[in-house]
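Take a look at the structure set out below.
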Amino acid sequence: MSLTSPRLRAVLLAATSAGLIAAAVPAPEPLGIGDPLFPHLGNPGYDVLAYDIAFTYTGDNRKPLDALTKIDARATDRLERINLDFAYGTVRSVTVDGRPADFAGTQEDLVVLPERPVDAGSRLSIAVTHTSDPVAAGAKSGWVRTSDGLAMANQADAAHRVFPCNDHPADKAHFTFRLTAPKDLVAVANGRSVAHTATGPAATWTYRGAEPMATELAQVSIGRSAVVRRTGPHGLPLRDVVPAADRELMEPWLRRTPDHLRWMEDKVGRYPFETYGLLVADAATGFELETQTLSLFERGLFTRPDLPGWHVESIMVHELAHHWFGNSVTPRTWSDLWINEGHATWYEALYAEETGGVPLERRMRDAYAASDRWRAAGGPPAAPRPPAPDDRMSLFRPVVYDGSALVLYALRQEIGATAFGELQRRWVTDHAHATAGTTDFVRLASAVAGRDLTGFLHGWLHGERTPPMPGHPDWRSGAPSDGKPA
Ligand SMILES: [Zn+2]
């Protein structure tokens, strides 16, 4: 990002000159909210209420998009400057409450200097005119270039490589996307369509989510797509977005979603959003992602002859399960990721057991055998080691998937299936559309079980070694001398 603001350029120059009369305003610096894994993610002093983001796409997915990001927020502190997370785009102008504001980029923060300080408790409205570059963000993701356009994959820390934001799941907000693209393309985003207008060669699609969303779960798809609609349980509108040429090929998978929804609702209760669907992207992402109301899947998952159908469906169920665990109930810090992935893996494994005949107990026994090694490599489930600086995806290690589903299995063994089922339902009800962390989970588990589980869960969540498995005293973990397979 280039420095284009004369006032802040002067501040920066002042800060680098020794012995200068103390500059009234210190140099811009990146701030964070103290996330143990991503210290510069999120920003203190305000709470975002709503984002309204407009992208204009030229039709060439190598070119930057023009963008206008409007942020409505409430100041929680007096703010002389406002830090947003943003990188890899060019900022053209910033206004605060309609008045031009100075700004500067520092590392992955955009620091905004309003004309006058913002009082604690007051509402503020920030508008950033910028570009959003799908090429510069590159392998760090954010934008994903597909064969026919773009999709988005922001987890964990890449939303701010697409748009300026308070890029932390602890600050959920309402989202509106306004997508302008050549009108022979189709643009879709999270939530439901609220407007579609066409003028000349371009069209604009507007989408709004009914529920708050974490920045990491934003989704925008632009391409030669077919939008496939059907109805799910209780009349829930379902909407899949697939490459237009693949509509028939994908149909056998897409039509499974209503059954997956019924299956999940039977386990944990009503689906918490206003719509659901699959976004099938012709891109090699190497992952699927639970983007809110429109989960991202790579096309190749559905065309591999080597994968049995129940396996593919169990992955579909994994992303769907995240809509309760991770999307509706959002982690307070990234160290709480085990709650998202542990539960999504749990329902994936249960679905595989019920439909593919793969016993959950066998999968958990194998996870137990590997668990000590996973903990040694990635840290315990609730205190994972930070990801490698050059590979943020390295946070997504086995210990947060099967290694964390194993914690849930241990808990079910300890408190019984009835209390465990009650805990699952209470968790997604008590914290619906809010933020919750590990201590909340331990507290609720104790309340449901009717006894303090802090000691029991501490070893499972924070121990370097895997505790003994209740009901399976013969299970062993870790050392190769155990003779257990990896
Ligand atoms: Zn997952």
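Would you work out the charge dipole size for the chain about its Cα centre, treating the Cβ of every Lys and Arg as +1 and the Cβ of every Asp and Glu as -1, and quote it to the nearest 20 debye?
Details: 49 positive and 58 negative charges, 99 e Å.
Dipole of the chain, to the nearest 20 debye: 480 debye.
Could you list Lys172, Lys70 so that the one with the fewest beta carbons within 10 Å of its beta carbon is first and the one with the most is last? Present the calculation step by step, with values, prior to reporting the outcome.
On the way: Lys172 24, Lys70 16.
The most exposed by this proxy come first: Lys70, Lys172.
Any idea which of Val91, Gln107, Met152 is furthest toward the positive side of the dipole for the stretch 6-223, if Lys and Arg beta-carbons carry +1 and Asp and Glu beta-carbons -1?
The Cα lying farthest towards the positive end belongs to Val91.
Using a 7 Å offset from the Cα along the Cα-to-Cβ direction at both Val135 and Phe287, what is the distance between the two label points in nm, to one decimal?
2.5
How long is the gain from Lys63 to Ala377 if the chain were fully straight, where each residue apart is worth 0.36 nm and the alpha carbon distance is subtracted? Write out the running numbers ahead of the final one.
Numbers: separation 314, 0.36 × 314 = 113.04 nm, distance 3.92 nm.
Once the chain is fully extended between Lys63 and Ala377, it gains 109.1 nm.
Once phi is turned into ³J(HN,Hα) by the Karplus curve 6.51 cos²θ - 1.76 cosθ + 1.60 with θ = phi - 60°, what whole-Hz value does each residue of the stretch 381-390 show in order, with x for glycine and proline?
Along the stretch 381-390, the couplings run x, 9, 9, x, 5, x, x, 4, x, 9 Hz.
With the Cα gyration tensor of the stretch 132-215 giving a ≥ b ≥ c as the square roots of its eigenvalues, does the rule (a/c under 1.5 for rounded; else a/b larger than b/c for prolate; else oblate) give rounded, prolate or oblate?
Oblate shape, in that a/c is at least 1.5 and b/c is the bigger or equal ratio.
Summing -39500 (n - 2.57) over the DSSP H runs of n ≥ 4 in the chain and dividing by its residue number, what mean residue ellipticity at 222 nm do you reach, to the nearest 500 deg cm²/dmol?
Estimated from H runs of four or more residues: -8500 deg cm²/dmol.
What FRET efficiency, computed as 1/(1 + (r/R0)^6) with R0 = 60 Å and r the Cβ-Cβ distance, is obtained for Arg304 and Arg116, rounded to the nearest 0.05? Can you show the working numbers first?
Working: r = 58 Å, r/R0 = 0.97.
Working from the Cβ atoms, E equals 0.55.
May I ask for the angle, rounded to the nearest 10°, between helix 337-356 and the longest principal axis of the chain, with both axes built from Cα atoms and the value confined to 0 to 90°?
So the inclination is approximately 40 degrees.
Which whole-angstrom value gives the distance between the alpha carbon centres of the stretch 207-246 and the stretch 30-56?
Each part's Cα centre sits 25 Å from the other's.
Taking the Cα centre of the stretch 204-262 as origin and charging only Cβ (+1 Lys, Arg; -1 Asp, Glu), how large is the dipole, in debye to the nearest 20? Intermediate results must be reported in sequence, preceding the final value.
Details: 9 positive and 7 negative charges, 40 e Å.
Here the stretch 204-262 has a charge dipole of around 200 debye.
Would you grab the residues whose amide H sits under 5 Å from the one on Trp143? Only those 5+ places off in sequence or on another chain, please, with H modelled 1.01 Å from N.
Ala153
Could you pull out every residue, at least 5 positions away or on a different chain, whose amide H is within less than 5 Å of the one on Ala436? Hs are placed 1.01 Å off N in the peptide plane, and Pro or chain starts have none.
It is Thr330, Arg332, by chain and number.
How far is the Cα center of the stretch 374-438 from the Cα center of the stretch 120-186, in Å?
Cα centroid to Cα centroid, the span is 27 Å.
Shape call for the chain from the C-alpha gyration tensor, a ≥ b ≥ c root eigenvalues: rounded (a/c under 1.5), prolate (a/b greater than b/c) or oblate? Walk me through the numbers on the way to the answer.
Numbers: a/c = 1.95, a/b = 1.33, b/c = 1.46.
In terms of gyration-tensor shape, oblate.
Quick one: Karplus J couplings for the stretch 193-206, per residue in order, coefficients 6.51, -1.76, 1.60, θ = phi - 60°, nearest Hz, x for Gly and Pro?
For the stretch 193-206, the Karplus-derived couplings read 5, 10, 7, 8, 10, 10, 9, x, x, 10, 9, 10, 10, 10 Hz, x marking Gly and Pro.
Would you mind ranking Ser225, Ser446, Ser93 by Cβ crowding within 10 Å, fewest neighbours first? Intermediate results must be reported in sequence, preceding the final value.
On the way: Ser225 26, Ser446 17, Ser93 14.
So the residues, fewest neighbours to most, are Ser93, Ser446, Ser225.
Treat every Asp and Glu Cβ in the stretch 335-486 as -1 and every Lys and Arg Cβ as +1, leave all other atoms uncharged, and give the resulting dipole magnitude about the Cα centre to the nearest 20 debye. Walk me through the numbers before you get to the answer.
Numbers: 16 positive and 19 negative charges, 44 e Å.
For this selection, approximately 220 debye.
Quick one: Karplus J couplings for the stretch 254-263, per residue in order, coefficients 6.51, -1.76, 1.60, θ = phi - 60°, nearest Hz, x for Gly and Pro?
4, 6, 7, 4, x, 5, 5, 4, 4, 5
Any chance you could run the full-extension gain for Thr231 through Gln413? It's 0.36 nm times the residue separation minus the Cα-Cα distance, nm to one decimal. Provide the component values of the computation, followed by the final result.
On the way: separation 182, 0.36 × 182 = 65.52 nm, distance 3.72 nm.
Length gained, Thr231 through Gln413: 61.8 nm.
The stretch 193-280: which trypsin sites (Lys or Arg not before Pro) are DSSP loop and have at most 13 other beta-carbon atoms within 10 angstrom? Before the final figure, lay out each step's value.
Working: sites: Arg208, Arg224, Arg229, Arg230, Arg239, Arg247, Arg255, Arg256, Arg262, Lys267, Arg270; in loops: Arg224, Arg255, Arg256, Arg270.
Here the trypsin sites (Lys or Arg not before Pro) that fit, given the DSSP loop and packing criteria, are Arg255.
Kindly express, to the nearest 10 degrees and within the range 0 to 90, the angle between helix 417-430's C-alpha long axis and the longest C-alpha principal axis of the chain.
10
Between rounded, prolate and oblate, where does the stretch 329-482 land on the alpha carbon gyration tensor, with a ≥ b ≥ c its root eigenvalues, rounded for a/c under 1.5, else prolate if a/b exceeds b/c?
Details: a/c = 1.38, a/b = 1.08, b/c = 1.27.
Because its axes are fairly even, with a/c under 1.5, the stretch 329-482 counts as rounded.
Tell me the Kirkwood hydrodynamic radius of the stretch 6-223 in angstroms, computed as one over the mean inverse distance between distinct C-alpha pairs. Walk me through the numbers on the way to the answer.
On the way: mean 1/r = 0.0561 Å⁻¹.
After inverting the pairwise mean of 1/r, the radius is 17.8 Å.
Cut-off 20 Å, label point 7 angstrom out along Cα-to-Cβ of Arg443: give me the residues of the stretch 161-189 whose amide nitrogen falls inside.
169-172
Each reported figure results from applying straightforward, stated rules to the coordinates on display, with no laboratory input. Since this is a predicted model, take the numbers as computed values, not measurements. Note that each Cβ is placed from the backbone with ideal geometry, even for glycine, and that neighbours are counted across all protein chains shown.
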